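Encoded as structure tokens, the structure appears first; notes follow it.
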Amino acid sequence: MNDIIKSIEAQQVKNELPQFNVGDTVKVYAKIKEGNRERTQVFEGTVTKRQHGGVRETFTVRKLSSGIGVEKTWPINSPHVERVEVVRAGKVRRAKLNYLRERTGKSAKVKEIIQ
């Protein structure tokens, strides 16, 4: 039974994903279906966490929209996620950045790694 599940999961893994970590600022290009039309919407923000692993891996992106924090969680291997583009790399010392929820403005920024 376990081998059957692993073979099905192996077919659904995306290979062309970029390397990004917690603290990075990313643009997520997501497919949105409205009625019978389909379009791509960009969601840009800071990656606050990555969870699980393999096919079930998810990542959460947080941004401020009109002064209100918005968080979205996507499965990495979802067909609704077209691509993930890294805008800038962040330097953090935590695996999950939940402390950003209470912060706004300059204190909500993450230091950038200059390469």
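The table below gives the values:
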read-out	value
Net charge over other residues, Cβ less than 14 angstrom from the Cβ of P79 (K, R count +1; D, E count -1)	+1
Cleavage-rule hits (trypsin sites (Lys or Arg not before Pro)) in the range 41-115: DSSP loop, at most 14 neighbouring Cβ within 10 angstrom	K91, R93, R94, K96, R103, K109, K111
For the chain, the spread of Cα positions along each principal axis, largest first, Å	49, 38, 28
Difference of contour (0.36 nm per residue) and Cα-Cα distance, N21 to S66	13.6 nm
Contour minus Cα-Cα distance for R103 and E9 (0.36 nm per residue)	30.0 nm
Inter-label distance, nm, simple model (7 Å from Cα along the C-beta direction), H80/Y29	1.8 nm
Normalised per residue, the volume of the convex hull around the Cα set of the range 1-42 (Å³)	146 Å³
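No value in this document is a laboratory result; all are computed from the given coordinates. Fair warning: this is a prediction, and the values are worked out from it, not measured in the lab. Cβ: placed from backbone, ideal geometry, glycine included. Neighbour counts: every protein chain shown.
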